Amino acid sequence: QVRLVESGGGLMQAGGSLRLSCVASGNVVSVNVMGWYRQTPGNERELVAEISREGTNSADTVKGRFTISRNKLQTAVYLQIDNLKPEDTAIYYCNLRFRGRSFWGQGTQVTVSS
């Protein structure tokens, strides 16, 4: 069993920055892919950024403002968001994948006011 716990969301002002964190516990395999997705009401969950041994991948809409990183043990992943925009308002979910399995956190709400 794998558990993912996100933190760092909240109500922010446009132009500000925040850092989301996600910590994985349980039977985590070190060779994995960790990522962040976001979802707004009425829309599908979309990939924001992900990181693996091969490198990072991020959505074109967030390039230059979002930076994904993780710890050396590959049990925590972080998302630095700079120059926040109202359209960044969403629930942000952490995802962990390995050996064909996928795990999700419960999500953390990010609300950006203009």
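The values are calculated or read from the model by the stated rules, or taken from the named source; none is laboratory data. Source: prediction; values computed, not measured. Here the Cβ positions follow ideal geometry from the backbone for every residue, glycine too, while neighbour counts run over all protein chains shown. Each accessible area value is taken on the protein alone, full model and side chains, heavy atoms only, with ligands, DNA and RNA left out. Shrake-Rupley method; radii C 1.70, N 1.55, O 1.52, S 1.80 Å.
Side notes on the structure shown:
- Screening the candidates V29, V2, V33, V62 for the property of being open to solvent by less than 50 Å² (accessible area, probe 1.4 Å), under 25 Å from S113 (Cβ atoms) and touching a strand residue (DSSP E or B) at 6+ places or on another chain (Cβ under 7 Å) yields one hit, V62.
- The range 41-67: number of residues that are among the β-branched types (V, I, T) and either in a strand (DSSP E or B) or in contact with a Ser or Thr (Cβ under 6 Å, 6 or more places away or on another chain) (or both): 4
- Filtering the range 80-89 for residues that are open to solvent by less than 70 Å² (accessible area, probe 1.4 Å), touching a strand residue (DSSP E or B) at 6+ places or on another chain (Cβ under 8 Å), among the hydrophobic types (A, V, I, L, M, F, W, C) and in a strand (DSSP E or B) leaves a non-empty set.
- The set of residues from the range 8-40 being in a loop (DSSP other than H, G, I, E, B), more than 14 Å from the chain's Cα centre (by Cα) and not polar (S, T, N, Q) comprises A14, G15, G16, V28, V29, V31.
- If you check R19, R38 for being surrounded by 19 or more Cβ atoms within 10 Å (Cβ to Cβ), among the basic types (K, R) and within 24 Å of V112 (Cα to Cα), only one passes: R38.
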